[in-house]
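The values are calculated or read from the model by the stated rules, or taken from the named source; none is laboratory data. Note that the coordinates shown come from a computational prediction; the quantities given were computed from them, not determined experimentally. Cβ placement follows ideal geometry from the backbone for every residue including glycine, while neighbour counts extend to all protein chains displayed. Side chains are part of the model used for accessible areas, which takes the heavy atoms of the whole protein and leaves out ligands, DNA and RNA. Shrake-Rupley method; radii C 1.70, N 1.55, O 1.52, S 1.80 Å.
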Amino acid sequence: MGRKKLQLQRIENKSRCQVTFSKRRSGLIKKARELSVLCDVDLALVIFSSRGRLYEFCSADRQLEGPNFEQFTAADLLQLENLLNDTLTEIRAVKVHSYAHWASLVQTQLMMGSIRTLQEKEKLLREEKKLLEGKIAAGEKSGNDTTAASMATLPLLR
C-alpha cells in the first residue's frame, strides 16, 4: 500500500501545523544525523519555528562555533536580524525570478500548442476550400444554376 501524493501548501489548522512541524523536524534531524554518519561529513542544522524557537543539530560531538549570543547587545541582535531578513529577501527574490522564468516557459509552450492547433485548422480549411472549388467547377460544367450562389461564398474562404 503506497502513500498518496501530498500537495505542498500551507497548513491553516494551527494544531495540525504544529504536529506536522514536530514530526517533520524530527525526521529532518534524523536524516541529518544519518547523512553525517554515512558520508562522514560535518553537518549543522538550524531551524527557527514560526514562534521563534531555535532548534539545532550538530554532527559528531561538535558544537556550533560562533559568537555567544548572551554577550550580544540588543543593537547587535537587531543588526543580525536585519542581516537575516535581507538575506531571506534576496533568496525569495531569486525564487520569484525562477518561478517567473518557469511560468514564461509554460506560457510559451501553451502558445506553441495553440499555434500548432490553428495551423492544423488552417490546413483543414484549405483542403475544404479546394474540395468546394472542385464541386463548383463540376457544377459549372454541368450548367447548374446554383453555381452563382456558390461562387458568392468563395471570397469568405480565401
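Across the stretch 49-58, which residue is nearest to R16 (Cα to Cα) among those that are in a strand (DSSP E or B) and open to solvent by less than 80 Å² (accessible area, probe 1.4 Å)?
First pass over the stretch 49-58, keeping only residues in a strand (DSSP E or B): 54-58.
With open to solvent by less than 80 Å² (accessible area, probe 1.4 Å) added as a condition, the list becomes 55, 57-58.
Values: Y55: 19, F57: 24, C58: 28 Å.
Going through the qualifying residues, I end up with Y55.
Here's the yes/no breakdown for (1) outside any strand (DSSP E or B); (2) touching a strand residue (DSSP E or B) at 6+ places or on another chain (Cβ under 7 Å); (3) at pLDDT below 75; (4) charged (D, E, K, R):
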position	(1), (2), (3), (4)
I29	yes, yes, no, no
V41	yes, no, no, no
I47	no, yes, no, no
A60	yes, no, yes, no
Q63	yes, no, yes, no
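Take the residues of the stretch 79-136 that are of a type in the set (K, R) and open to solvent by 90 Å² or more (accessible area, probe 1.4 Å): which is modelled with the lowest pLDDT?
K95
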